[in-house]
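Only one structure is covered here, and it is reproduced in the block below.
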Amino acid sequence: MSTPIQVRLIDPRGQRFGAGLSAIVLAAGVVLNAPIVPLLVALALGVSAALGTRYWALGRPWPTIRRLLKLGPPSSPEPELGPRFAQGFGFIVLVAGLALVAVGVPLLGWLLIGAVAALQTVLAVTGICIGCMLYGLHWWLPEVFDRFVFRVAAPRDSSTG
């Protein structure tokens with residue numbers, strides 16, 4: 001029997017805001033050739049993926065902005081599972097890009113970092129989260145993510161006894 005996952009619902013507008021801010025920050029890091037910038041974004045993504053989107057540093061200003069703009073609650077909150085998986089995937093790609101920059105393959109490294117910025121831009125502008133969609137496909141990588149992050153046991157095959 002697998003352990004149920006506690007699913008927190010989140011405001012997707014906050015994720016879009018954080019993604020937009022992340023895209024701007026990453027683009028600045030690429031233009032300035034400043035690896036510290038994507039490193040900080042990677043750390044923020046990693047913390048959020050591991051601990052929950054409430055710890056997404058680049059999304060933290062959203063509640064204040066929502067209050068200042070007098071916006072109501074989201075019309076349809078979404079489960080945070082997909083965004084956490086997407087952030088974990090972004091963390092891995094940013095770390096890989098930074099590793100490539102560090103070992104002397106800067107063009108490929110900056111391209112990976114730029115890809116994360118591009119995906120963050122897509123989310124911010126359209127609301128389409130490619131990483132969330134990948135999570136929703138229920139392939140083997142999201143299952144590994146759930147086991148590692150949420151400490152959920154792999155489902156047992158009841159036909160084997």
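A few points about this structure:
- Among the residues of segment 141-161, those that are part of a helix (DSSP H, G or I) and either modelled with pLDDT of 75 or more or under 15 Å from G88 (Cα atoms) (or both) comprise L141, P142, E143, V144, F145, D146, R147, F148, V149.
- Cβ-Cβ contacts under 6 Å between residues 6 or more apart (or on different chains), taken from a first residue in segment 22-33 that is within 21 Å of W56 (Cα to Cα) to a second residue that is in a helix (DSSP H, G or I) and at pLDDT below 95, are listed as S22/L58.
- Annotation: of all residues in segment 63-92 being β-branched (V, I, T) and more than 16 Å from A50 (Cβ to Cβ), the one that is surrounded by the fewest Cβ atoms within 10 Å (Cβ to Cβ) is T64.
- One residue alone among L112, L108, L94, L98 is modelled with pLDDT of 95 or more, farther than 16 Å from V37 by Cβ and in contact with a helix residue (DSSP H, G or I) (Cβ under 7 Å, 6 or more places away or on another chain), and that residue is L108.
The values are calculated or read from the model by the stated rules, or taken from the named source; none is laboratory data. What you see is a predicted model; the values in this text were computed from it and never measured. Please note: Cβ atoms are built from the backbone with ideal geometry, for glycine as well, and neighbour counts cover all protein chains shown.
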